[in-house]
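Student: Okay, handing you the structure first.
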Amino acid sequence: MTYRWDSDMVVTYGNIKPIGKVPLHSDEDQMKFYLTNLNKTVNYAKGKTKKAAWFVSNCSPKSSRNEFVKELQNHIDVDVYGKCGTMKCPTTSDEECRDMAAKDYKFFMSLENSLCPDYITEKFFMMMNRTILPIVYGVHDSHEKIAPTHSFINAAKFENVKKLADYLISLDKNDTLYNEYFWWKPHFKVTNNEANTGMCRLCAALHDKSLPPKIYHDMTGWWEKSVPCVTSPKIV
């Protein structure tokens with residue numbers, strides 16, 4: 001039971017499920033329809049005076065995310081909260097801090113400490129549940145598999161950090177384009193704490209005598225060698 005999709009039992013930090021007939025991954029024509037039929041009464045940019053926020057406590061990750069954010073800060077304001085930053089949240093409640101970020105900031109840096117296939121940080125789902133636009137650095141297209149089309153920004157898809165910053169600045173100046181990233185809100189539900197239900201499913205499977213026994217003779221080969229993590233992505 002791991003976060004990887006080729007596990008016997010898949011357990012992620014969260015999930016995003018349709019609550020209607022809108023598909024998780026819409027085609028180009030469907031997206032044109034959804035984006036041209038937005039609810040114009042809701043402005044997700046209203047009242048937000050700050051650019052990007054990042055909450056981080058692991059200061060020595062394997063993903064080079066620190067270098068990425070440092071380079072991004074040369075082009076756009078990124079406020080860093082937590083053990084590794086200089087900003088302090090006005091409250092000690094994690095939930096209230098996330099609410100503060102969604103209220104004041106337009107973008108949230110949702111960056112994994114390890115760039116491994118299918119691994120998505122819990123902060124991604126926590127912020128997708130709010131009215132802020134996540135920025136990820138996904139080199140395995142894991143976020144694209146689990147989240148609706150055009151619901152986040154993948155920095156790894158940009159040629160360099162400067163072009164990413166230019167795009168974020170353009171969104172900051174254009175509420176219409178910014179709001180398009182929230183088209184999916186009425187059609188999907190974000191859930192957190194999937195690990196809790198995963199333990200229940202594991203318990204049920206262990207007690208299901210109809211399931212055949214299974215043995216893995218080389219866990220290291222499956223876990224580390226078959227789909228290795230990226231330790232040093234290109235940051236420019």
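Quick note: the coordinates plus some simple rules give every number you see, no bench work behind them. Quantities reported herein were computed from a predicted structural model and do not represent experimental measurements. We place every Cβ from the backbone using ideal geometry, glycine too, and count neighbours over all the protein chains shown.
Student: Give me the lysines in straight-line cross-link reach of LYS214: C-alpha distance below 30 Å, same-chain residues under 8 apart excluded.
Tutor: Answer for LYS214, where 30 Å is the Cα cut-off: LYS145, LYS225, listed by chain and number.
Student: Beyond 20 Å between alpha-carbons counts as too far, so tell me which of LYS17/LYS209; LYS88/LYS173; LYS50/LYS103; LYS62/LYS189 fall in that bin.
Tutor: LYS17/LYS209; LYS88/LYS173; LYS62/LYS189
Student: Could I ask something else about it? I'd like to know which of THR49, MET9, THR86 lies farthest towards the positive end of the charge dipole of the chain, counting +1 on Cβ of Lys and Arg and -1 on Cβ of Asp and Glu.
Tutor: Ranked along the dipole, the leading option is THR49.
Student: Roughly speaking, what is the centre-to-centre gap between the stretch 158-219 and the stretch 1-70 when only Cα atoms are used, to the nearest Å?
Tutor: What the calculation gives is 7 Å, centre to centre.
Student: So, counting K/R as plus one and D/E as minus one, what does the shell of residues with Cβ under 15 Å around ILE76 add up to?
Tutor: So the surrounding residues net to +3.
Student: Here's something else I'd like to know. Calculate how large, on average over all directions, the projected area of the Cα convex hull of the chain is; give the answer in nm² to one decimal.
Tutor: 15.2
Student: Would you work out the charge dipole size for the stretch 1-159 about its Cα centre, treating the Cβ of every Lys and Arg as +1 and the Cβ of every Asp and Glu as -1, and quote it to the nearest 20 debye?
Tutor: 560
Student: For a quick protection proxy, order the peptides 37-43, 71-77 by their average other-Cβ count within 10 Å, most packed first.
Tutor: With the highest mean Cβ count within 10 Å placed first, the list reads 71-77, 37-43.
Student: Suppose each label sits 7 Å from its Cα in the direction of the beta carbon; what would the ASN196-LYS173 distance come out to in nanometres?
Tutor: Distance between label points: 4.5 nm.
Student: Going through the DSSP H helices of the chain, which span 30 Å or more along their own axis at the Cα atoms while scoring at least 1.0 as a mean Kyte-Doolittle hydropathy?
Tutor: For the chain, where a helix must reach 30 Å along its axis and average at least 1.0, there are no hits.
Student: Can you pull the one-decimal nm distance between simple spin-label points at SER93 and LYS32, each 7 Å off the Cα toward Cβ?
Tutor: 4.6
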